[in-house]
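Student: What follows is a single structure, and I will ask about it in a moment.
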Amino acid sequence: MEGKQFGLHDVVKMKKPHPCGENRWRIIRMGMDIRIKCLGCDHSVMIPRKQFEKKMKKVLERKEQ
Ligand SMILES: [Zn+2]
């Protein structure tokens, strides 16, 4: 699926914004679980990869290459 490729340190947009109002998150850990950090308030959450792929809307900024 297009737009669903992501990598470490990419900035992504989720389907639902964080309660702080921000909707840009940086991927800070890749693995079975994905850890993302809110760019608005620095709060980080760990999400199982499958769930992340479902909840992520698009990649805003790619870090790789
Ligand atoms: Zn936040």
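The values are calculated or read from the model by the stated rules, or taken from the named source; none is laboratory data. Computed from a predicted structure; not experimentally measured. All Cβ positions, glycine included, derive from the backbone under ideal geometry; neighbour counts span all protein chains shown. When the accessible area is computed, the model is the full protein with side chains, heavy atoms only, and any ligands, DNA or RNA have been set aside. Shrake-Rupley method; radii C 1.70, N 1.55, O 1.52, S 1.80 Å.
Student: Could you tally the net charge around Lys13, taking each other residue with its Cβ under 11 Å from the Cβ of Lys13, Lys/Arg +1 and Asp/Glu -1?
Tutor: +3
Student: Using unit Cβ charges (K, R positive; D, E negative) and no other charged atoms, how large, in debye to the nearest 20, is the dipole of region 19-65 about its Cα centre?
Tutor: 180 debye
Student: Going by accessible area, probe 1.4 Å, with all protein chains left in place, what is the ranking of Met56, Met32, Met46, largest first?
Tutor: The residues order as Met32, Met46, Met56, largest area first.
Student: Where in the chain is the longest stretch that carries no GluC sites (Glu not before Pro) classed as loop by DSSP and with at most 12 other Cβ atoms within 10 Å?
Tutor: Counting at most 12 other Cβ atoms within 10 Å as exposed, the longest clean stretch of the chain is 3-63.
Student: Over the chain, with every protein chain in place, what whole percent of the accessible area is carbon and sulfur at 1.4 Å, could you tell me?
Tutor: Of the solvent-accessible surface of the chain, carbon and sulfur hold 49 percent.
Student: Go through region 1-31 and name the trypsin sites (Lys or Arg not before Pro) that are in a DSSP coil and have 15 or fewer other Cβ atoms within 10 Å of their Cβ.
Tutor: Lys4, Lys15
Student: Can you work out the accessible area per residue across the chain, with the rest of the protein chains kept in place, probe 1.4 Å, in square angstrom?
Tutor: 72 Å²
Student: Let me ask you something else. Using only the Cα atoms of the chain, each taken as one equal point scatterer with no solvent, compute I(q) by the Debye sum, divide by I(0), and report log10 of the ratio at q = 0.30 Å⁻¹.
Tutor: The Debye formula, applied to the Cα set alone, gives -1.58.
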